[in-house]
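Asks: This structure is in C-alpha cells; I'll ask about it shortly.
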Amino acid sequence: MHALMQEIRFALRTLRKNVGLTVVIVASLAIGIGANSAIFSVVDALLLRPLPYPHPNRLANIWLHSPGIGIFRDWPSPGQYIDLQNENHSFEEMALAQSRTWTLTGLDQPERVDVLRTQSSLLRMLGAKPLFGRLLLPEEDKPGKPAVAILSNRAWKRLFNSDGQVVGRTIMLNGNPFVVAGVLRPEFMVNAEVMPSEGPMDKIDIFAPLPLGADAAQRRGDENYNIMVRLKPGVSLRQAQSDVDVIAARIREKDKRDRTYGMDVIGLQEQVVGDVRRALLVVLGAVGLVLLIACANVANLLLTRSAGRQKEVAIRAALGAGWRRLARQMLTESVLLAILGGAAGLLIAKWSLYVVRTLNPGNIPRLEEIGISGSVLAFTFGIALITGILFGLAPAWRAVSVDLFTSLKSGGRSGQSDAGLRLTSNRLRGLLVVAEVALSLILLTGAGLLIRSFVRLQQVQPGFTTDHVLTMQVVVSGPKFRGQRQASAQFWDEVERRVSHLPGVKSQGRVDVLPLTGTVGWGQIKVEGYNPPPGQELQVDLRTASAGYFRTMEIPLLQGRFFDPHDTPDAQQVVIIDSKFAQRFWPHETAVGKHVWFDTPNKPFTICGVVGVVKQYGLDADSKIVTYFPQSQQPSNGMYLVARTSVEPESLTGAIVHEVRAAEPNAAVYEIRTMQDRLHDSLARQRFTTAMLGGFALFAMLLAAVGVYGVMAYLVSQSTHDIGVRVALGARTGSILGLVVREGMTLAGLGILLGIAGAIGLTRLMASLLFGVSPHDLATFGGVAVLLAGVALMATVIPARRAMRVDPMVALRDE
C-alpha cells in the first residue's frame, strides 16, 4: 500500500507538470465516458431495470394479428377475453381494460382526461395502493353498481389541487356522475406504453370500473380493448404463446376469421420498449466506438509523452526498478487519468440527459425515470477502470521494453530514434491510428446513411399542405348530446359559422382522425363487384370529415366532388375514397358512382369523389386504403377542428377557442397545435437518432484527425536529423512533402479499407432505421471514404509543411 501511495503521488506530480496534455486527455476521456454513461443510463432504465410493478417479468399483454388482411396488431374484444379466461392454462390473473379520452366538467373549465375503464384485478396486478380511499372492488366488475372513479396522484394534484376531502365527491365525466372512491399513491403510474390506446394518450388520469354483463361472450366484433395477464409461476412466454395459439385456432374456426388470424403474447417490458430497442443498441454501439477511438487517441498521446521519458525510464531501470514496477507506474498514471475523465464524464452524462429530456424525441418511454442511478455510477467507474488499463497498456509496454544501452548512450537527445521516417519503425502508433480511422469510418457511414434517410423522408409528400394550418381537438358531452345527432350537427354548424367569419381564417373543416396524431380507426367494408374468400374481408381506414376539411388541408380532388350541403342525413349515403382505393378496384375506370357497404348489407354508400393519398401514420408508413364519411350524415361529438389562416396560426388560437366555447360553454378544447408542428414532431425519432449518431461520428472524425496529426507530427519531430541529411544531400522540398504525406495517407488508407469492411457488416443492423436508402448505399460509402481521406490529408499536410521548413544546418548541429 505504501508503494501504491508513492506511485499515486508521483503520478499526480507528473500530470501537474504536463497540465496541457493532462487536460486534453481528460477532456477526450470525459466525452467518451460521459457519452457512454448517458446512453447506458437510458439502456439501464428501459432494457435492464425492471418495470415498477410486482413480478414484472410475468406480466404480458394479448394482441390480435391478421397479416393476411393487413392487420399486424389489433386490440381484442370482450368475447375473446372470455374465451381466453375459460380455456387458458397459463395465466394466474387476467384483466380487461379500455382507455378513452373523456371530458371532465364542473371545474373552472372543461378538462380533457385520459380514463382507463378496467376490471378491479388490473390495479391489483400492477401493485397499486391508495393514498386515500380505496381501489376498485371485485363486485364493481359486474353491472348494477354505482359508477366510481379512482384518481391518479397526478390528476389529483393537477385537477383538484391536492384536495384531501376529494374522496366521496361526485364528478362529471362525459356528462355522467362518478363518485371519487380513492386517490392513488404518487409512485404508481400507468402510461400509454403499458396500455396502448387507439388515440394519443400520455398517462392515465382516472381509473373507472368496466362492468361485464352476461352478453360479454357474444361481443366478439368489438375489438377495442386491452387484455393484460400475469403468467403463472414457472410458465414462460413461449409456453403461454403455445397455449394461446391453441385457443386462437378455436376462435378462428368458431368466428370464421381470416386464416392468418392469431394472438400474440407480448411481455410487458418488450411492449413498453417497443421499436426503441434497435435504435438504442445502435446508439450504444456508436458511443462504444467513440470510447475506443478516444482510448486509441489517448494511447497515442501517452506514447508521445513516453517517448520523451525514455531517458527517465532508463535511469530508473538502471537504478534497480523492475519491469513490474515500471509498468505499474505507467498503468497508475493511466488509471488516474481515466478516473479523472470518468468524474468529468459523469457531469457530461448528467448534462446530456438534461438535453435528451429537453429535446424529448417522443419515442423514449419512461423518460422521467432515466437518471444517474447506482448502476450507472458502477458502470462509469468500471468503464473508467477498464479504459485506464486499456489505453495504458501501450505506454507500459514501451516502458518495460526500453533499451537501456541506447537510451543512456543518447545523452541529451531524449532517446530520439535514428530509424528515419518509416511506418515500420512506429508500428504500434501506426496501428492505433489505423484503428481510429477505421472506427471513425464505421461511425461516419452509419451517420451518413441516417442523414440520407432523413433527407429522403423529409422529401416525402404527406398528401396535404401543413403551413398556416391550426388544429385542435373539440369534444362536447353531456345529456344534451348523448345519442342526439341533431344536437351535435347544430353545434358543429354553429362552430363553422363562427370560425369562418373570424378575420384571418381562410377556410375551416373537421375530421375525426387527424393525420400524424397516432390515432387509428379501421373496419370492414364490402366493395361492389369484389367477393373476397371467406375470412379474408377487406379492412379499410374509416374517417369522418366535413365538407371543408379537404379544402382546408388542400388534399387534392382527383375524381368527382367533395361533400356539399346536399349530403344530408335524409339524402343518399355517400363516401369519398382515396386514389389508392380507386386504383386497387377500378384502375381503368372511374370509381365515382360505384357502391360500397359497411355494417348494413341493404344500405349501400355511393362513391361521390376520389382524393389523394394522405400519410396518416407518418411519412415512413404506408396507410391502408381510406374511406371518408360526410360529417353531416355521420355526426360525432368529438372532432379535430382545422383552420387555414392568412396570418400566423398561433395568433388565432384564443379567438377560435372563444368562438367554440361561445357555441357550447361545456366544450373541451385541447391538443391545440399547428399542422407544421405535428409534422415536425412526427419525425422526432428519426431526427433524434440521426443527430445523436451524427454528433458521435463528428467527434470520432475529429479524434481520428488528431490521431493522424499526432503521429505525423511525432514522426517529423523524431526524424529531424534524417530530414536534415536528406535536404543537405539535395532533396527537394516537394519530395520531403511527398514523403510525409505518403506515410500519413498510408495509415489513413489502411484505416479506410478496414473501416469499409467493418461498415459493410455492421450497417446491416441499421436496416430498420433507414428509409429509402440501402444499408450498403455506394454513394454514402464513397462519400464518407473521400471525406475521411480529405480530413486525414489535411491532418498530414500540416506536419509535412513543417518538415519542408527543416534547416539542415540546425538539424545536423543539434546532432
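Asks: Output the residues belonging to the stretch 117-158 that are of a type in the set (Lys, Arg) and open to solvent by 80 Å² or more (accessible area, probe 1.4 Å).
Replies: Across the stretch 117-158, the qualifying residues are ARG124, LYS129, LYS142, LYS145, ARG154, LYS157, ARG158.
Asks: Looking at the stretch 448-495 only, could you name the residues that are within 26 Å of the chain's Cα centre (by Cα), surrounded by 15 or more Cβ atoms within 10 Å (Cβ to Cβ), in a helix (DSSP H, G or I) and of a type in the set (Val, Ile, Thr)?
Replies: ILE451
Asks: Now a separate question. When the residues of the stretch 188-228 are narrowed to those that are part of a loop (DSSP other than H, G, I, E, B) and at pLDDT 90 or above, which ends up nearest to THR118 (Cα to Cα)?
Replies: LEU210
Asks: Shifting gears a bit: Of all residues in the stretch 527-551 being in contact with a strand residue (DSSP E or B) (Cβ under 8 Å, 6 or more places away or on another chain) and modelled with pLDDT under 80, which is surrounded by the most Cβ atoms within 10 Å (Cβ to Cβ)?
Replies: So the residue we want is GLU537.
Asks: Within 25 Å of the chain's Cα centre (by Cα) and either part of a helix (DSSP H, G or I) or at pLDDT 85 or above (or both): does that describe ASP44?
Replies: Here the answer is yes, as ASP44 does meet what is asked.
Asks: Given the conditions (1) of a type outside the set (Phe, Trp, Tyr); (2) within 30 Å of ILE348 (Cα to Cα); (3) more than 30 Å from the chain's Cα centre (by Cα); (4) surrounded by fewer than 22 Cβ atoms within 10 Å (Cβ to Cβ), and given that ILE25 satisfies all but one, which numbered condition is not satisfied?
Replies: So ILE25 meets the others, but not (4).
Asks: For the stretch 617-668, enumerate the residues that are open to solvent by 20 Å² or more (accessible area, probe 1.4 Å) and within 30 Å of TRP522 (Cβ to Cβ).
Replies: TYR617, ASP620, ALA621, ASP622, LYS624, PHE629, SER632, GLN634, PRO635, SER636, ASN637, GLY638
Asks: Touching a strand residue (DSSP E or B) at 6+ places or on another chain (Cβ under 7 Å) and charged (D, E, K, R), is that true of ARG644?
Replies: When the stated conditions are applied, ARG644 passes them.
Asks: If PHE72 satisfies all but one of (1) within 30 Å of GLU436 (Cβ to Cβ); (2) free of Cβ contacts under 8 Å to residues at least 24 places away in the same chain; (3) within 25 Å of the chain's Cα centre (by Cα), what's the number of the condition it fails?
Replies: The single condition PHE72 does not satisfy is (1).
Asks: Here is a list: ARG117, ARG124, ARG169, ARG100. Which entry is basic (Lys, Arg), out of contact with any Cys (no Cβ under 9 Å at 6 or more places or on another chain) and over 26 Å from ILE266 (Cβ atoms)?
Replies: That would be ARG169, the only listed residue that is basic (Lys, Arg), out of contact with any Cys (no Cβ under 9 Å at 6 or more places or on another chain) and over 26 Å from ILE266 (Cβ atoms).
Asks: Can you name every residue in the stretch 748-793 that is outside any helix (DSSP H, G or I) and in contact (Cβ under 8 Å) with a residue 40 or more places away in the chain?
Replies: Result: LEU770, PHE771, GLY772, VAL773, PRO775, ASP777.
Asks: Scan LEU126, LEU96, LEU137 and give me the residue that is on the phi < 0 side of the Ramachandran plot, within 28 Å of the chain's Cα centre (by Cα) and aliphatic (A, V, I, L, M).
Replies: One residue alone meets the criteria, LEU126.
Asks: Here's something else I'd like to know. Where residues in the stretch 193-238 are touching a residue at least 12 places away in the same chain (Cβ under 8 Å) and of a type in the set (Gly, Ala, Ser), which of them is nearest to LEU136 (Cα to Cα)?
Replies: Only one residue tops the list, namely ALA208.
Asks: Mind checking whether some residue in the stretch 771-778 is surrounded by fewer than 13 Cβ atoms within 10 Å (Cβ to Cβ) and either modelled with pLDDT of 80 or more or in contact with a strand residue (DSSP E or B) (Cβ under 8 Å, 6 or more places away or on another chain) (or both)?
Replies: Yes, that holds for at least one residue.
Asks: Can ASP258 be described as among the acidic types (Asp, Glu), at pLDDT below 85 and either crowded, with 20+ Cβ neighbours inside 10 Å or in contact with a Phe, Trp or Tyr (Cβ under 6 Å, 6 or more places away or on another chain) (or both)?
Replies: It is true that ASP258 is among the acidic types (Asp, Glu), at pLDDT below 85 and either crowded, with 20+ Cβ neighbours inside 10 Å or in contact with a Phe, Trp or Tyr (Cβ under 6 Å, 6 or more places away or on another chain) (or both).
Asks: Got a number for residues in the stretch 15-42 being touching a Leu at 6+ places or on another chain (Cβ under 6 Å) and hydrophobic (A, V, I, L, M, F, W, C)?
Replies: Of the residues in the stretch 15-42, 4 are touching a Leu at 6+ places or on another chain (Cβ under 6 Å) and hydrophobic (A, V, I, L, M, F, W, C).
Asks: Right, something else. Take the residues in the stretch 426-437 that are crowded, with 24+ Cβ neighbours inside 10 Å and closer than 22 Å to VAL282 by Cβ; name whichever of them is modelled with the highest pLDDT.
Replies: Selected residue: VAL437.
Asks: Name the one entry in LEU107, LEU96 that is touching a helix residue (DSSP H, G or I) at 6+ places or on another chain (Cβ under 7 Å), free of Cβ contacts under 8 Å to residues at least 60 places away in the same chain and either surrounded by fewer than 21 Cβ atoms within 10 Å (Cβ to Cβ) or assigned to a strand (DSSP E or B) (or both).
Replies: Answer to the check: LEU107.
Asks: Can you tell me which residue in the stretch 746-762 is modelled with the lowest pLDDT, limited to those that are small (Gly, Ala, Ser), closer than 23 Å to MET794 by Cβ and out of contact with any Asp or Glu (no Cβ under 8 Å at 6 or more places or on another chain)?
Replies: ALA748
The values are calculated or read from the model by the stated rules, or taken from the named source; none is laboratory data. Everything quoted here is computed from the prediction, not taken from an experiment. Positions of Cβ are generated from backbone atoms using ideal geometry, with glycine treated the same way; all protein chains shown enter the neighbour counts. SASA here: full protein model, heavy atoms, side chains in, ligands and nucleic acids out. Shrake-Rupley method; radii C 1.70, N 1.55, O 1.52, S 1.80 Å.
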